[in-house]
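Contents: one structure, followed by commentary.
The values are calculated or read from the model by the stated rules, or taken from the named source; none is laboratory data. None of the values given here were measured: they were computed from a predicted structure. Positions of Cβ are backbone-derived with ideal geometry, glycine not excepted, and every protein chain shown enters the neighbour counts. Accessible surface areas use protein heavy atoms only, side chains included; no ligands, DNA or RNA. Shrake-Rupley method; radii C 1.70, N 1.55, O 1.52, S 1.80 Å.
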Amino acid sequence: MRRLLITIDGPAGAGKTTVSRMLAHRLAYKYIDTGALYRGVAFAAISAGLNADDDEGLEKLCRTLKIKFVTGDQGLRILSNGVDITDKIRTPEITMFASAVSARPVVRGYLLDLQREMGQEKGVVFEGRDMGTVVFPDADLKFYLDASHKTRSLRRYQELTAKTQQTLEEVERDMAKRDKNDSTRDLAPLKPAKDAIIIDSTELSVKAVVELMLSKIDEFI
Ligand code: DC
């Protein structure tokens, strides 16, 4: 059967990661979490003591940074210059820093090339903010997954409670700030592609969203 390049964009907490993983699994496709790439850059920048707006420092950093995904016994892992950083990039600090560096053209340029390289092979689900609008404008099928602010904050809070001490109010505040950063930046702001299929997951289970996507893929093929 024809193998596709599928993009799933949307704000934090809309369910993109769980849905993308499950969809890729059902289709026997690869899954690429592009947010993890921005988090990888944020991790490297913080480790190097850089500020998020230090374009010169970020440019130097990106020139030698080698970020890649590998699949092993523990599932999908992200390596930064050979070091496994998968378990270190989900903290509130990295989350906010990733959103800040993602507005810098030098970082977006570096990751644009990397993402397009990863998309040379079909049979992939790419998850992010600008997959359908900028990185893969010719993707076979584009989805934009959304949900109400309240639902997204609550989902993120439930996901985080095991790992951090953040209150629901803090999660809501961070998410509002990140939504604003990600959707108002000049370069590749978060928005649905003109030809994206928009799905509101506020009232839908993960399974229901995946089934809906599979039915759209069936129609397309
Ligand atoms: O999906 P995530 O929460 O892991 O993403 C972290 C940050 O990275 C997000 O706030 C904005 C940025 N990002 C982006 O600008 N473009 C993407 N394709 C993916 C993420």
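At a glance:
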{"read-out": "Selection of GluC sites (Glu not before Pro), the range 183-221, meeting DSSP coil and at most 16 other Cβ within 10 Å", "value": "E203"}
{"read-out": "Carbon and sulfur %, accessible surface of the range 76-194 computed with the full protein complex present, 1.4 Å", "value": "52 percent"}
{"read-out": "S148-L76 FRET efficiency (beta carbon distance; Förster radius 30 Å; 0.05 resolution)", "value": "0.55"}
{"read-out": "Average Cα contact separation per residue, the range 90-217, under 8 Å, 6 or more apart, as relative contact order %", "value": "35 percent"}
{"read-out": "Inter-label distance for D138 and T18, nm, one decimal - labels placed 7 Å from Cα along Cα-to-Cβ", "value": "3.6 nm"}
{"read-out": "For the chain, size of Cβ-based charge dipole, Lys and Arg +1, Asp and Glu -1, in debye", "value": "320 debye"}
{"read-out": "Spatially near lysine pairs across the range 38-144, Cα under 20 Å, sequence gap of 8 or more or different chains", "value": "5"}
{"read-out": "In the range 128-202, the trypsin sites (Lys or Arg not before Pro) that fall in loop regions by DSSP, at most 16 other Cβ within 10 Å", "value": "K163, K194"}
{"read-out": "Normalised contact order of the chain, rounded percent, pairs of Cα under 8 Å and 6 or more residues apart", "value": "35 percent"}
{"read-out": "Length released on extending from Q120 to V83, taking residue separation times 0.36 nm less the Cα-Cα span", "value": "10.8 nm"}
{"read-out": "Segment K216-N51, extension gain: residue separation times 0.36 nm, minus the distance between their alpha carbons", "value": "55.1 nm"}
{"read-out": "Reach of K180 by Cα under 13 Å, taken over aspartates and glutamates that are not fewer than 8 positions away in the same chain", "value": "E172"}
{"read-out": "Solvent accessible area, Å² - S148, 1.4 Å probe, full protein context", "value": "40 Å²"}
{"read-out": "Helical segments meeting 15 Å axial Cα length and Kyte-Doolittle 0.0 threshold in the chain (DSSP H)", "value": "34-47, 206-220"}
